[in-house]
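Engineer: Below: one structure in structure tokens.
The values are calculated or read from the model by the stated rules, or taken from the named source; none is laboratory data. Just so we're clear, the structure is a prediction, and the values are computed from it rather than from any experiment. Note: ideal-geometry Cβ built from the backbone for every residue, glycine included; neighbour counts use all protein chains shown.
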Amino acid sequence: MKKLTGVVLAACLTAGLFSGCSLPWKTKGTSSNKKVEKQVPNKEDTETKKKASDILSLSIKDNYINSSDDRILVNYDSVDLSDPWKENYPELETALTDYTAERKKEAESQQQQLVGYMQEYGVEDADNDGMNYSYSEKQRLVRADGTVTSLVASTYSYAGGAHPSGGYISKNFDSVTGKEIAFKDVVKDGQGFGDAMYSQLQKAYPDLSSMHEEEGYEVFNLKESLPKRAKAMIDGTASADAGQSDLFPLTWVMTYDGIRIYFSDYEIASYAEGMQAIDITYQDYPDLFQDTYSFKGLPDGAMEQVASSEDKLVEPIIMVNGKTLSLNMQTESDTLSFTYDGQTCTDDQLGYYFGCDAYVLHRGEDYYLYCDLLSDNDWHFLNVYNLNTASKVDGAGSLGMYYGAYSDAKNMVLGTRLDILGTISVYSYYTTGSDGLPVMNEASKSTYYVGDYGAPNAETDEPRTLTVKKDFKVTDGLGKSVTLKAGTVLTYQTVDQEATKVGFSTQDGDMVYIDAKYENGGASIKNGKKWVNGDDYLDGIQFAG
């Protein structure tokens with residue numbers, strides 16, 4: 001039996017890659033005995049009128065910039081709309097394509113700078129605590145509806161020295177026109193907004209040294225500088241070249257409740273104090289906002305990412321339904337706790353994890369917290385909590401949120417791993433049940449799709465395959481017995497929900513199904529009605545170990 005020691009067989013799909021209630025594949029031909037392939041959206045279905053209530057799905061994909069020196073690591077995320085929203089919102093799709101090109105150009109520029117640092121300083125600095133010279137951007141979807149699409153990216157940079165540095169960049173688009181939304185289009189009172197920022201910082205970070213002049217950080221003058229910065233954003237004089245002056249632009253996104261402000265390393269506090277984020281909500285400060293865009297809270301059926309494993313936020317504090325939610329991820333003790341509307345929940349039964357991507361989900365009268373914990377070998381473990389009762393909802397099983405961007409709670413792509421004819425990553429489509437737990441969509445027909453080595457509908461990806469070593473009997477898509485001939489190449493496609501039958505496509509485009517099970521550390525398959533050793537008949541079965 002071949003084993004992949006330490007190999008990560010994680011799905012590389014991005015969220016929203018598949019959107020809508022229907023599956024992204026259809027059966028080719030008149031029978032179910034043909035290859036599963038990407039479904040082309042029906043034009044009549046996609047030519048619908050744009051609606052403010054639309055919950056859009058986006059795809060976010062990691063990209064690496066190649067370097068001649070493997071000690072230099074640079075990556076960025078590409079962002080685009082998922083089907084069928086591309087056709088419904090073409091201006092937004094164009095804007096996202098341009099934004100991706102902008103981020104790629106910046107990543108390439110950062111790489112050239114790092115090459116210069118490497119040439120100037122050599123490998124001694126690059127080997128500081130085992131770190132490479134590196135630059136990374138990880139995009140996060142904050143809001144995506146028929147009016148506003150907002151993204152924030154966490155940045156990480158190391159170019160020698162005592163420690164890396166982190167920060168944020170953001171972008172806000174009008175979903176209909178695709179144009180970037182200016183701060184002045186949303187906020188009308190700079191002085192009032194600056195005062196609100198200072199007030200919220202005092203509440204969220206009362207021990208921040210810059211709040212206390214005796215600590216030596218009076219240089220920030222937050223009470224005076226924040227209103228000046230907000231005014232500069234409105235009158236157009238804000239400039240990134242201004243350093244930490246009163247003209248330095250704010251990093252902001254539009255949430256469903258208002259505006260969230262992010263502060264990068266050294267922006268308002270020392271490096272040791274990390275980065276900060278605060279919410280200025282329409283509910284608390286209605287007189288500060290223009291009437292152009294609405295902030296009615298997280299819509300029913302929508303979800304919003306509120307924390308990322310890339311964050312350096314010590315304790316993210318955000319507003320949900322007009323109430324304060326604070327998260328405390330204590331990875332050193334494998335504990336997670338949150339406080340919502342004064343009620344606290346602490347979960348110390350998590351097992352090892354080193355990061356968490358957290359989402360707030362709205363369903364009916366309830367709000368839920370989806371915490372996707374990251375562990376070794378790229379394992380993800382979803383934990384669900386009811387915010388209204390500050391309690392954990394057991395039952396998410398081994399599902400994980402592997403796919404990058406989540407916005408639609410009625411159509412989530414969730415994944416797990418199975419040991420059946422090898423260790424394979426699989427995914428399916430889920431909605432949210434009445435208890436907040438994910439429930440497989442009816443349209444998924446109790447089927448998992450195999451997602452190893454990237455999206456199975458992406459033509460550029462290398463599919464995972466097995467090769468038949470000697471003839472044996474299987475069933476076709478109509479349930480009839482057929483003989484697989486030696487030399488046939490099989491591409492993984494589907495697994496039934498009970499994980500007993502694996503569907504493959506042949507090089508001729510036919511679908512065949514193999515009954516299989518994992519036992520004694522290996523794979524057994526059915527040859528006709530008889531169970532046999534899978535390795536005797538199939539080449540390429542690989543289990544992680």
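Engineer: Check region 456-463 and report whether any residue there is on the phi < 0 side of the Ramachandran plot, buried (at least 19 other Cβ atoms within 10 Å of the Cβ) and modelled with pLDDT under 95.
Structural biologist: yes
Quick grid of which residues meet (1) outside the structural domain of Trp531 (by TED's automatic domain parsing); (2) of a type in the set (Phe, Trp, Tyr); (3) modelled with pLDDT under 90:
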| residue | (1), (2), (3) |
| --- | --- |
| Tyr430 | yes, yes, no |
| Asn441 | yes, no, yes |
| Val474 | no, no, no |
| Val495 | no, no, no |
| Val512 | no, no, no |
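Engineer: Related question: Can you tell me which residues in region 91-116 are over 22 Å from Ala153 (Cβ atoms) and in contact with a strand residue (DSSP E or B) (Cβ under 9 Å, 6 or more places away or on another chain)?
Structural biologist: Passing the criteria: only Val115.
Conditions (1) assigned to a loop (DSSP other than H, G, I, E, B); (2) within 18 Å of the chain's Cα centre (by Cα); (3) of a type outside the set (Phe, Trp, Tyr); (4) within 27 Å of Leu298 (Cα to Cα), marked per residue:
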position: Thr94; (1), (2), (3), (4): no, no, yes, yes
position: Tyr99; (1), (2), (3), (4): no, yes, no, yes
position: Lys104; (1), (2), (3), (4): no, no, yes, no
position: Glu108; (1), (2), (3), (4): no, no, yes, no
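Engineer: Please determine whether any residue of region 288-297 is of a type in the set (D, E, K, R) and touching a strand residue (DSSP E or B) at 6+ places or on another chain (Cβ under 6 Å).
Structural biologist: No - not one qualifying residue is present in region 288-297.
Engineer: Still on this structure, please answer the following. Give me a count of the residues in region 267-309 that are outside any helix (DSSP H, G or I), among the charged types (D, E, K, R) and closer than 30 Å to Gly355 by Cα.
Structural biologist: 4
Engineer: For region 239-263, how many residues are surrounded by 18 or more Cβ atoms within 10 Å (Cβ to Cβ), out of contact with any helix residue (DSSP H, G or I) (no Cβ under 9 Å at 6 or more places or on another chain) and part of a loop (DSSP other than H, G, I, E, B)?
Structural biologist: Summing the residues that are surrounded by 18 or more Cβ atoms within 10 Å (Cβ to Cβ), out of contact with any helix residue (DSSP H, G or I) (no Cβ under 9 Å at 6 or more places or on another chain) and part of a loop (DSSP other than H, G, I, E, B) in region 239-263 gives 3.
Engineer: Go through (1) more than 25 Å from Ser57 (Cα to Cα); (2) part of a strand (DSSP E or B) one by one and return the number of the condition Gln112 breaks.
Structural biologist: If we test Gln112 against (1) more than 25 Å from Ser57 (Cα to Cα); (2) part of a strand (DSSP E or B), just (2) comes out false.
Engineer: Within region 503-532, can you find the residues that are in contact with a Gly (Cβ under 7 Å, 6 or more places away or on another chain) and free of Cβ contacts under 8 Å to residues at least 12 places away in the same chain?
Structural biologist: Ser524
Engineer: While we're on this one: Only one residue in Gly351, Gly297 is over 20 Å from Arg143 (Cβ atoms) and in contact (Cβ under 8 Å) with a residue 12 or more places away in the chain. Which one?
Structural biologist: Among Gly351, Gly297, only Gly351 is over 20 Å from Arg143 (Cβ atoms) and in contact (Cβ under 8 Å) with a residue 12 or more places away in the chain.
Engineer: Return the pairs, sorted by first residue and then second, in which the second residue is surrounded by 15 or more Cβ atoms within 10 Å (Cβ to Cβ) and aromatic (Phe, Trp, Tyr), the first residue lies in region 91-108 and is in the same structural domain as Ser170 (by TED's automatic domain parsing) and free of Cβ contacts under 8 Å to residues at least 60 places away in the same chain, the beta carbons are less than 8 Å apart, and the residues are 6+ apart or on different chains.
Structural biologist: The qualifying pairs are Arg103/Tyr76; Lys104/Tyr76; Glu106/Tyr76; Ala107/Tyr76; Ala107/Tyr135.
Engineer: Return the only residue of Ser210, Ser199 being modelled with pLDDT under 85 and hydroxyl-bearing (Ser, Thr, Tyr).
Structural biologist: Among Ser210, Ser199, only Ser210 is modelled with pLDDT under 85 and hydroxyl-bearing (Ser, Thr, Tyr).
Engineer: Which residue is surrounded by the most Cβ atoms within 10 Å (Cβ to Cβ), if the candidates are limited to region 280-294 and must be touching a residue at least 40 places away in the same chain (Cβ under 8 Å) and farther than 19 Å from Leu226 by Cα?
Structural biologist: Filtering first and then ranking leaves Tyr293.
To keep it simple, each residue is scored yes or no on (1) at pLDDT below 85; (2) closer than 24 Å to Ile261 by Cβ.
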residue: Ser326; (1), (2): no, yes
residue: Arg363; (1), (2): no, no
residue: Leu382; (1), (2): no, no
residue: Tyr403; (1), (2): yes, no
residue: Ser407; (1), (2): no, yes
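Engineer: Can you find even one residue in region 297-316 that is modelled with pLDDT under 90, of a type outside the set (S, T, N, Q) and over 29 Å from Tyr271 (Cα atoms)?
Structural biologist: No; the residues of region 297-316 include none that is modelled with pLDDT under 90, of a type outside the set (S, T, N, Q) and over 29 Å from Tyr271 (Cα atoms).
Engineer: Tell me, which residue of region 497-528 that is of a type in the set (Ser, Thr, Tyr) and assigned to a strand (DSSP E or B) is nearest to Gly487 (Cα to Cα)?
Structural biologist: Among those residues, the one meeting the criterion is Thr506.
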